[in-house]
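A short worksheet on the structure shown next.
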Amino acid sequence: MSLAQQLSQLRPLMIPAEIEALLGPQETKRALDMFSGFQRTTGVSVDFSHADGVIDSISYSAMFNFPRDVVVCGVHIGMTVDAMRRALPDVQLADGETGKPNEHGFIRYRAKPAALNATIKVSIKDGEVYLLGLYRADMDEVLARRQRQKVERSAETNRKRDLANKWKSVENTDEMLLSWAEHCSPWTNYPPQKFVRFARWLMATSDPDVWHIVAMSWNWDYSHAPLLWIIQQETCDIATALEIFFLADPTYYFRWAKDRSAVPTRNLEMFDFLAELRQRLARGFYQRSEIAFDGEKHMAYVDRGLETVEDRGLAQSFFPLQAGHNIPGRDLKDSEDDKFGECRAMLATVN
């Protein structure tokens, strides 16, 4: 039996095991892989529902040269309309058809043979069968169900997104951090409880040195809410604020220094975060200065990427005045103080 003859025996609602018993494992894999180019080599397209685990429909097309001598449910490519009517006595024009070719030259028919738990759809072109499709009998109901599920999934996604973003409109600093934590659901699939525990620990930690370690180690994939909480604390060290500024990739955002309206929507949130940091630094919000900061090293890296006079002017207006200065103080990077051990252990639960 040829492959085309095997394919002519496919039916809607077949499960993979039934398909494989008919076609073999290799052709089954090709038939169910929408990127395999199976239709171009066989003239047959198999629409398989992975959600339901069954074939939704099969189509046989003259466009891709399905053999004209292979019969599918009594019909074959190239068959005349009169012969089709004899093969399918209950065939009738599809809904909306007038019997005249449409703008693409097709006249569509459909039939529901009593012996077949499927709908047959036939497209006629130039008086001959051009396209033949077999569809599961409940296809309309299935499509309606899937559309409802799609709408429900979309609504649930929007609901979760709204909850996940609620923290951005909360003014109270502590409430903002807890709102973020309660609905944080990152790609790691960590439960929100981990982030709530972390947020409560951070709020209970009054040591700016610990905040500095958190800032330097934070995974930005979980959003910048904890960093926003840190920069809004009056006792935050100026070195911490500056390190967070550079961690936020200011070399990407400085180009919009004089035109916030030009910032792409997806970048606006981080642009405003940098703007808030810059404003707090400019008005002297941070009075604590006990941690070392190597501003010359940071700005040397930035300066290497400034190729034009315009870039240098924008960078000068965007970067804080303190950004290029060295600030003396303690280097916490390799500190073995016990409080940092606790801090790193807490970070390990969410990073």
message = Suppose all protein chains stay in the model; what accessible area per residue would a 1.4 Å probe give for region 120-162, in Å²?
response = 65
key: Overall Cα dimensions of region 137-217, principal axis frame, Å, largest first   = 68, 26, 18
request  = Answer with one residue from Asn117, Gly37, Ile107: the one whose Cα lies farthest towards the positive end of the charge dipole of region 1-158, charges on Cβ with Lys, Arg +1 and Asp, Glu -1.
outcome  = Ile107
key: Where region 221-322 is the region considered: accessible area per residue in Å², 1.4 Å probe   = 51
Furthest towards positive pole of dipole, Pro191, Met299, Gln279, structure part region 175-321, Cβ charges = Pro191
key: Gained length - Asp140 relative to Ala345, 0.36 nm times residue gap less alpha-carbon distance   = 68.3 nm
message = Which aspartates and glutamates, if any, have their Cα less than 12 Å from the Cα of Lys125, not counting same-chain residues under 8 positions apart?
response = Glu103
inquiry  = I need two numbers for the chain: Rg to one decimal and Dmax as a whole number, Cα atoms only, in Å.
reply    = 32.7, 95
task = Treating only the Cβ atoms of Lys and Arg (+1) and Asp and Glu (-1) as charged, compute the dipole magnitude of region 1-65 about its Cα centre; round to the nearest 20 debye.
result = 220
task = Using Cα centres only, tell me the gap between region 291-343 and region 109-148 in whole Å.
result = 67
query = With +1 on each Lys and Arg Cβ and -1 on each Asp and Glu Cβ, how big is the dipole of region 263-351 about its Cα centre, in debye rounded to the nearest 20?
reply = 240
key: Those aspartates and glutamates that a straight Cα-Cα span of less than 16 Å connects to Lys333, excepting residues fewer than 8 apart in one chain   = Asp207, Asp209, Asp237, Glu243, Glu290, Asp294, Glu342
For region 1-127: Kirkwood Rh in Å [reciprocal of mean 1/r, alpha carbons] = 15.5
request  = For Lys150, list the lysines whose Cα falls under 25 Å from its own Cα; do not include residues on the same chain fewer than 8 positions away.
outcome  = Lys160, Lys166
Where the Cα pairs of region 1-76 fall when distances are cut into 5 Å bins, in % = 3, 17, 30, 28, 16, 5, 1
note = Once the dipole of the chain is set up from charges on Cβ (+1 Lys and Arg, -1 Asp and Glu), the residue from the list Ser223, Ser2, Trp256 lying farthest towards its positive end is Ser2
ask   = With every protein chain present, what is the per residue accessible area of region 1-91 (1.4 Å probe, Å²)?
value = 52
key: Estimated inter-spin distance, Gln5 and Ser317, nm [label 7 Å along Cα→Cβ]   = 7.9
note = Computed over the Cα atoms of region 195-351, the Rg and Dmax in Å are 16.0, 48
inquiry  = Tell me the mean residue ellipticity at 222 nm calculated for the chain from its helices only (DSSP H runs of n ≥ 4, each -39500 (n - 2.57), averaged over every residue, nearest 500).
reply    = -13500 deg cm²/dmol
message = Once neighbouring chains are kept in place and the probe is 1.4 Å, which whole percent of the accessible area of the chain is contributed by carbon and sulfur?
response = 50
key: Per-peptide average of other Cβ atoms within 10 Å, ordering 34-40, 145-151 highest first   = 34-40, 145-151
task = Report Rg(Cα)/(2.2 N^0.38 Å) for region 260-322, keeping two decimals.
result = 1.29
remark   = Here the convex hull volume per residue of region 175-230, taken over Cα atoms and given in Å³, is 68
inquiry  = On the principal axes of its Cα set, how long, how wide and how thick is region 135-288? Give whole Å, largest value first.
reply    = 73, 39, 25
message = If you average 1/r across every pair of different Cα atoms in region 68-128 and take the reciprocal, what Kirkwood value do you get, in Å?
response = 11.9
request  = Take each of the peptides 124-134, 232-242, average the number of other beta-carbon atoms within 10 Å over its residues, and list them starting from the highest.
outcome  = 232-242, 124-134
query = Dipole size in debye (nearest 20) for region 1-121 around its Cα centre, Lys and Arg Cβ +1, Asp and Glu Cβ -1?
reply = 320
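The values are calculated or read from the model by the stated rules, or taken from the named source; none is laboratory data. Fair warning: this is a prediction, and the values are worked out from it, not measured in the lab. Because the Cβ atoms are built from the backbone with ideal geometry, glycine has one as well, and the counts that use them run over all protein chains shown. Side chains included, ligands, DNA and RNA excluded: accessible areas come from the protein's heavy atoms. Shrake-Rupley method; radii C 1.70, N 1.55, O 1.52, S 1.80 Å.
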